[in-house]
Structures are given as C-alpha cells and as structure tokens.
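See below for the structure under consideration.
The values are calculated or read from the model by the stated rules, or taken from the named source; none is laboratory data. Treat the numbers as computed from the prediction; the structure is a model and nothing was measured. Note: ideal-geometry Cβ built from the backbone for every residue, glycine included; neighbour counts use all protein chains shown. Calculation scope for accessible area: heavy atoms of the full protein, side chains included, ligands and nucleic acids excluded. Shrake-Rupley method; radii C 1.70, N 1.55, O 1.52, S 1.80 Å.
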Amino acid sequence: MYLSKEEERIYEGEAGWVLEKAIKVVIKVGEAMGADRLIPISHAHISGVGYGNIGEAGLSLLRDLRDGGARFNVYTTANPGSVDDDSSYYFNYGTPFIQGQREILSIFKEMGVNAFTCTPYYYREPRAGEILAWAESNAVLIANSIYGARSNRESGLLALFEAILGKAYRAGLLVDENRKPQILVNIEARVRSIIDYGLVGLLVGEMVGERIPYVVGLKPQSHEEVKAFLAAAGSSGGMGLVMIDRLSPDAIGIEGSLNNIERISIDDKDLRRVSEDAICNEVDAALIGCPHASVELIEDLARLIVEKNVSATKPVWVFTSHHVYEELSRKGLIDLLISRGVKVFTGICGVISPLNTLGYRCIATPSAKAAFYLPRLARVRYVYMDLPGIVASMFK
Ligand code: F3S
C-alpha cells in the first residue's frame, strides 16, 4: 500500500505508539481488502460502546489508549451505551455494570466524541461522495444508500482507530467500481406500515447476506419507513449498501447492469412468515427508538397521545439523541410526553442492555431491528406493535 512520508513517519512510531498502532491496524485491514492507499475521512462513527458488549477487555484497551494520549483526529460520534448518569437510576443494572459503562463514556468524551447516538446522520448530514468511517449498520446503510456518501461497514474497533488516525483505507465501498448491485430483489409484498418496512428489511438482509441488493417495488412515503427498512436489513444482513430503486443515488442510471444478476422476490407469504416470529403477549414495556427516534416519530407519538387524551399505564420508553431531544424540548413536546407518563431517554440504548436482569420479559416495539436484537442482547421476548397500537393498549 502506498504511504505518504507523513504516514511512514507514523508507521515507524515517530508520532507515538497510539498513532502507530492505529495506522498499523488500518493498514492491515486495508491490505486484506486490497486497498491502494489511505484516504482522509470527514466523520468517524464508533460502535461497540456498551459495557455489555465490550466488557472489561474493551474498557482496558480504551484506558490504555486514553493514557497514551489518544485523541480523535476528525469529527467523531459513537453509538449509545446502556446507561449514563441520568438514566442509571431507572435502568439500575448494578454498580459494576454502571461504573463500567460510565467509564467507557467518559473515556470516549475525553478522546473527543461529540455525541452518543446511533443516528449520527441527524448530527451531521453526510454529503454525496463524502468519505466516512462509520460502524453501526443502520448509519452506514443510510449514509451510503440515501445520501450517496462513501463508508465501509466498519467494525467498532476499526472505526475507533480510523477516528484516531483521521483516515480510512481506500477499498470496498469507498471505490466506485465496488458499488454495483449483485442481486435484484423484487418486493411483491404489500408493505403498508413501518413494521412492514422493517420486516421486509429483515427478509432482504437474510436473503442477500453481504451482497449489494438492488431493491424494486418499495415506495416509502417517509424517512421513518426507509430508516426502519435499512436498519432491519443491516441487522440480518452484512451489506453496507442497499440500492433502492428511484431513491438511492447509486441506483440512478444503472438499469443496464441489472440484466445479468440473480433475481429473487419477497411476497406476502414471506412477510407473514417473518412476522410470526413475534413471540410474546403479556407486554411489560414498550420500546420506541431503535434506531434513535427522529423528531417526526416522536411528534407522531405525541399527536396520538393528545388526540386520545391518555396517559401511559405501563412503562413506555422512547430512546433518542440529545439533538432531537433539544429540538422537541423547544417545542414543549418533551414536557408533554413526560406529563403523560412517557420516559424519554437520550444518548442510551435499551436494546443492547441486560433488560432481563430487571425483570422484563416481553417488550412491544415497532422496530424490526429491536425485535432482531432484543432476544439476543437484552434476553427478552418481543411483540410487534406500531405507535397507534402502543397508545391503544398501553395508555388510558
Ligand atoms: Fe441504536 Fe441500540 Fe437500536 S444502538 S440501532 S437503539 S440496538
């Protein structure tokens, strides 16, 4: 791989061991991916921030990096952890867990993280062609598939080193030749709600794996529908780009390249099969905001609550970013939701958290991504419920 004089200096350890380690990790992965050189990035996004994910081993690496003077060299955001100072009273996962999680967040802040959220695109909207180093699959898919930005689907650790270095390896989805559809998916199923969009996303991810799909037949009417679809596709699949017909910048003008690729379809039967995976009835709580809820989604919830003039009778959790929270606060909606018994949490994630240890067993959610991970990470069951369903059954 070609290295500039400055990169060679870093590689030789002349800029300290932290940068040396960072460049060596990025180069090693880059060489395996066939990269020709390193390329500056404008935004890094790190995943794997939860104490439950990275544990003491991850924390110890972060301590070493921090003590070695690690700082992010570029605008950097990171995924949410399980709890922060404000929420640990409510999600009390025990002192060792809370202390571990707080220390992780505090080290990331020291290194220069600007925000903890899985929706970094609400903080800094990606531009077409911009080079990013993002982990967190929903964010990568939105950046590539909707904004036409260029990011590989990095691991959390790699994005961490790329943030320190301020550069990524030039290969994979950063290179135009690699952004070509590999399989065409025809959506024949009737897709009518956010839950349906998520279910179709799960099916697409399951069927295409790491291949880049070209998806026809989807006609999303809102950002939330696209977000639900891509977040779910990124959960069950390993791809970093989904080309949505008439929507994705990369899907424009490439009809000719679709002739010789494999074709599959998804129909109503497939959709029913995957929705039948929902596996509980006695709901303990509702979880909204996986990925972190947008202004529009929370406004929809508030509107439904006001229309029905109801208050929550069971725990109803909304997870969002500080950015969205502040915007809604200015509109008076956060006070309204709180007065109706809704718990609004910022900068944390309920899905990667040990909810089972707090006695929760069954969670209602409109999010197929949450449904995918709740049994795996939070060790709880789930049932699909859209916002009107949640307001109808968990408010009075
Ligand atoms: Fe975000 Fe947690 Fe879902 S990080 S995408 S709310 S699993």
> To the nearest 0.05, what FRET efficiency results for residue 222 and residue 14 with a Förster distance of 30 Å applied to their C-beta separation?
Replying inline: 0.05
> Amide H neighbours of residue 242 under 5 Å, counting only residues 5+ apart in sequence or on other chains, H built in-plane at 1.01 Å?
Replying inline: 145
>> Between region 289-311 and region 142-214, how far is it from one alpha carbon centroid to the other, in angstrom?
In response: 28
> For region 292-332, with every protein chain kept in place, what is the accessible area per residue (1.4 Å probe, Å²)?
Replying inline: 47
> Given the pairs 227/331; 109/308; 21/227, which are separated by over 30 angstrom at their Cα positions?
Replying inline: 109/308; 21/227
>> Within the chain, what whole-number % of the accessible surface is contributed by carbon and sulfur, with the 1.4 Å probe and all protein chains included in the calculation?
In response: 47
>> Rolling a 1.4 angstrom probe over the protein chains, ignoring ligands and nucleic acids, what is the accessible area of residue 362 in square angstrom, nearest 10?
In response: 0
> How large is Rg/Rh for the chain, to two decimals, with Cα atoms and a Kirkwood Rh?
Replying inline: 0.97
> Mind checking the alpha-carbon convex hull of region 328-396 and giving the volume per residue in Å³?
Replying inline: 109
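Where does region 249-393 land on Rg(C-alpha)/(2.2 N^0.38 Å)?
1.24
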>> From Cα pairs below 8 angstrom and at least 6 apart in sequence, can you work out the relative contact order of region 39-178, rounded to a whole percent?
In response: 35
> Per 10 Å bin, what percent of the C-alpha pairs of region 183-223 does each bin hold, from zero upward?
Replying inline: 28, 58, 14
>> Test of the criteria: in region 178-281, which trypsin sites (Lys or Arg not before Pro) are in a DSSP loop and have at most 12 other Cβ atoms within 10 angstrom of their Cβ?
In response: 190, 192, 246
> Considering amide H positions built from the backbone, and no H for Pro or chain starts, which residues 5 or more places from residue 382, or on another chain, come under 5 Å of its amide H?
Replying inline: 279, 280, 363
> Any number yet on Rg/Rh for region 1-123, C-alpha, Kirkwood?
Replying inline: 1.03
>> Averaging the inverse of every distinct alpha carbon separation and then flipping it gives the Kirkwood radius. What is it for region 180-275, in angstrom units?
In response: 13.0
>> Could you derive backbone 3J(HN,Hα) for region 376-383 from the dihedral phi with the Karplus parameters 6.51, -1.76 and 1.60 (θ = phi - 60°), listing whole Hz in sequence and x where the residue is Gly or Pro?
In response: 7, 9, 8, 6, 10, 8, 9, 9
> Once you put a point 7 Å from the Cα of residue 281 and another 7 Å from the Cα of residue 128, both along the Cβ direction, what distance in nm separates them?
Replying inline: 5.2
> Taking the simple approach of a point 7 Å from Cα along Cα-to-Cβ for both residue 92 and residue 269, what is their distance in nm?
Replying inline: 5.2
> Under a 5 Å amide H to amide H cut-off, with H placed in plane at 1.01 Å, what residues pair with residue 134 once short-range neighbours are removed?
Replying inline: 45, 152, 154
> If you count, for each residue, the other Cβ atoms within 10 Å and average over each peptide, how do 196-208, 293-305 line up from highest to lowest?
Replying inline: 196-208, 293-305
